[in-house]
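Undergrad: Below you'll find the structure I mean.
The values are calculated or read from the model by the stated rules, or taken from the named source; none is laboratory data. Quick caveat, the model's predicted, so the values are computed rather than measured. Cβ: placed from backbone, ideal geometry, glycine included. Neighbour counts: every protein chain shown. These accessible areas exclude ligands, DNA and RNA; they are computed on the full protein's heavy atoms, side chains included. Shrake-Rupley method; radii C 1.70, N 1.55, O 1.52, S 1.80 Å.
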Amino acid sequence: MTATFYDRVSAELADIDAQGLTKPERIIASRQGPVIKVGGRDVLNFCANNYLGLAGDERVTQAGIKAQEQWGAGTASVRFICGTLEIHKELERAIADYLGFEDTILFAAAFDANGGIFEPLFTDADAIVSDSLNHASIIDGVRLCKARRYRFATSDMDDLEAQLKQARADGAREIVIATDGAFSMDGYIAKLKDIRALADKYNALIMVDDCHATGFLGPQGRGSYAHHGVEVDFVTGTFGKALGGAMGGFICAKSSVVALLKQRARPYLFSNALSPAVCGSSLEAIRIAGGSEGDALRTQLFANAARYRAAMTEAGFNLLPGEHPIIPVMLGDAKLAQDMAARMLELGVYVIGFSFPVVPRGQARIRTQMSAAHTFEQIDQTVAAFTTAGKELGVI
């Protein structure tokens, strides 16, 4: 054993805690939903990515149980060895049809999808132009690729055009613009109509991470590109948010692209196949999201977001502007964000303080998230709790 290593780890943990950056793990003793059990009592839940309220839905739960009963706990292997089940193919077909693409490849997590998309498709002859606020998984995926890297200021189309010009001037064979469809820490929706116009002008491809859009943005909840009425080349997404809340990621693209990814994407080739239970639950969630019930859930979701945003603004809180059901309450100081979250839990509302490195230094916040499962009464109770805590801590 090397004592100096463990001493350094302990010192770094102490420093993180002293800065108010420690991210506590609170134990939930119930299903995910608008009300959850934490610390032996029921509290309102306003921090989950459970946009359509399907994570605890009995139909989604039973579909997962039925799939596991039929197919077992898992394949005990990666898919190219002995791991592709009929339910994997069914899920690939279902998500591709839902989102309007030729084909899909499944991953154990959306992080793996973003980690696996660039390296097999692009080389040092190509260029990736990435939004500066992109998710960490996109950043890591770009790092794994040998393509030349360019960054543009988030949603800044002038800067994007400048980077596209530079990539072309540098002789890039292919250029791919990579962006979140909706930015998870801010709730901003990417300007995909403008990005599409620039991509056409500079003959570039578009990759969109729609983890925080699939299921509830755009017609039938098909995502940020459908919200803007444009086509894109690659969409990555998850079954871990609106579409059931379990886990698992995917890439939707043309059939030839998916075929190449299945031969070369390392997270796909070297990770076990998605569990049958997750596949079953996700299939049921897609069925619900794509139908008339999904339309009703989306209407309720955005009505909830509008009510909450208006009430919090009237109460005096600093909110980032937008239309997305991610609604960050900006606080600035990391310790203040942690103290606010702790006080909110005492008042019966479960929220989380976000600070560096999840968000930039000086931009600590509580990222509240609406669900279609929330009632207006629960929203009003949460605003009242925020108002109490905000006054006590000098925020408002």
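Undergrad: By the gyration tensor of its Cα atoms, with a ≥ b ≥ c the square roots of the eigenvalues, what is the shape of region 109-218: rounded for a/c under 1.5, prolate for a/b over b/c, or oblate? Write out the running numbers ahead of the final one.
TA: Details: a/c = 1.88, a/b = 1.21, b/c = 1.55.
Because a/c hits 1.5 or more and a/b fails to exceed b/c, region 109-218 counts as oblate.
Undergrad: While we're here: Cut-off under 15 Å on the C-alpha distance; same-chain residues fewer than 8 positions from residue 201 excluded. Which aspartates and glutamates are left, in chain and number order?
TA: Here the aspartates and glutamates satisfying the reach criterion relative to residue 201 are 158, 159, 161, 174, 231.
Undergrad: Now a separate question. State the Cα centre-to-centre distance between region 47-117 and region 238-305 in whole Å.
TA: 6
Undergrad: Give, to the nearest whole percent, the P(r) tail of region 1-61 beyond 14 angstrom, counting all Cα pairs. Spell out each step's value before the answer.
TA: Details: 1261 of 1830 pairs.
Cα-Cα pairs of region 1-61 separated by over 14 Å account for 69 percent.
Undergrad: Sticking with this structure for a sec: Given the peptides 203-215, 125-137, arrange them by the average over their residues of other C-beta atoms within 10 Å, most packed first. Spell out each step's value before the answer.
TA: Numbers: 203-215: 26.2, 125-137: 20.5.
In decreasing order of mean packing, 203-215, 125-137 become 203-215, 125-137.
Undergrad: Just tell me which lysines come within less than 16 Å, Cα to Cα, of residue 262; anything on the same chain fewer than 8 places away is out.
TA: Qualifying lysines at Cα under 16 Å: 89, 254.
Undergrad: Excluding same-chain residues fewer than 8 positions from residue 66, which aspartates and glutamates have a Cα within less than 13 Å of its Cα?
TA: 58, 284
Undergrad: Under a 10 Å cutoff between Cα atoms, tell me which one of 122, 354, 250 has the largest fluctuation in the Gaussian network model of the chain.
TA: Top of the fluctuation ranking is 122.
Undergrad: Further, regarding this structure: With a 1.4 Å probe and all protein chains left in place, how much accessible area per residue does the chain have, in Å²? Could the numbers behind the result be given before it?
TA: Details: 17100 Å² over 396 residues.
Ligands and nucleic acids excluded, the result is 43 Å² per residue.
Undergrad: Given the pairs 191/241; 37/191; 241/391, which are separated by over 31 angstrom at their Cα positions? Please list the in-between numbers first.
TA: Numbers: 191/241 22 Å; 37/191 38 Å; 241/391 33 Å.
Over 31 Å apart, Cα to Cα: 37/191; 241/391.
Undergrad: State, to one decimal in nm², a quarter of the convex hull surface area for the C-alpha atoms of the chain, i.e. the direction-averaged projected area.
TA: Numbers: hull surface 84.7 nm².
Result: 21.2 nm².
Undergrad: Quick one: pull the percent of accessible area on the chain belonging to carbon and sulfur, 1.4 Å probe, ligands and nucleic acids left out. Please list the in-between numbers first.
TA: Details: 8990 of 17100 Å².
Accessible surface attributable to carbon and sulfur in the chain totals 53 percent.
Undergrad: How far, in nm, would the chain grow between residue 3 and residue 296 when pulled straight, counting 0.36 nm per residue and subtracting the alpha carbon separation?
TA: That works out to 99.6 nm of additional length.
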